[in-house]
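A short worksheet on the structure shown next.
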Amino acid sequence: MPNRKYRNTAQAEIAALTRQRIIQAALTLFAEQWIDAVTLDQVAERAGVTVQTILRHFGSKESLGVQAGRAANDAAINQRAEVTAGDIPGAVDNLVQHYEAVGDRVLRLLAQEERFHQLQGILQEGRIAHQHWVQRVFAPLIDRQKPDQRERLTAQLVAVCDVYIWKLLRRNMGFSVEQYQATLHEMVVKLANPTET
């Protein structure tokens, strides 16, 4: 009986690790190619498994894509949760690390949102999570504003902390990581303290 329980536990752990490898392989490929160009054969090769193993775990490429997207959202939420409310430098550093790691993949997925309906829900979940993070992390700054100014400041902070601002500064304008980080910090501080220089 104990041996059977151990075997079942070991098998469950192996299955979980296999799912994780497949999801990571899919996310890596989705960062490199358009969704319709990615094949299950490519995912299987990258993950070191067979296509049949992928189908056994996920059922289809579409289901794999949705679950990979949810896993990416969960990972982002967990990383963002490390920031303490009111810690502007910590929030900026957290965003920089996040966007440097996954910003290009997120942008590629956003560019395909209108073509693949299954992406829309996942990306909307990401937008909502981003807004909630801004509201939590910058709550000390938002709450000290007049009631009629809080919603506007929240929207401004959501915007300047968005991946599109990262793209504009890092990819379009060629800012270094350090320049982006300093600029983002300055924008947040000026929004929160408009009278400070």
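The values are calculated or read from the model by the stated rules, or taken from the named source; none is laboratory data. These figures come from a predicted structure and were not determined experimentally. Note that we place each Cβ from the backbone using ideal geometry, even for glycine, and neighbour counts take in every protein chain shown.
Which residue, of R171, R152, R127, R105, is exposed (fewer than 15 other Cβ atoms within 10 Å of the Cβ), under 30 Å from S60 (Cβ atoms) and not aliphatic (A, V, I, L, M)?
The conditions single out R127.
Evaluation of A71 against the conditions (1) among the small types (G, A, S); (2) closer than 18 Å to I128 by Cα; (3) loosely packed, with under 15 Cβ neighbours inside 10 Å shows that the sole unmet condition is (3). For region 80-88, state whether one or more residues are polar (S, T, N, Q), at pLDDT 95 or above, exposed (fewer than 15 other Cβ atoms within 10 Å of the Cβ) and over 9 Å from the mean Cα position of the chain (by Cα). Yes, some residue in region 80-88 is polar (S, T, N, Q), at pLDDT 95 or above, exposed (fewer than 15 other Cβ atoms within 10 Å of the Cβ) and over 9 Å from the mean Cα position of the chain (by Cα). Would you mind stating whether L119 is assigned by TED's automatic domain parsing to the domain that holds D74 and under 21 Å from I77 (Cα atoms)? Criteria met by L119. Tell me, yes or no, whether region 91-108 has at least one residue that is more than 18 Å from A72 (Cα to Cα) and of a type in the set (D, E). Yes: region 91-108 contains one or more residues that are more than 18 Å from A72 (Cα to Cα) and of a type in the set (D, E). Would you call I77 of a type in the set (V, I, T) and out of contact with any helix residue (DSSP H, G or I) (no Cβ under 6 Å at 6 or more places or on another chain)? Taking the combined requirement at face value, the residue does not satisfy it.
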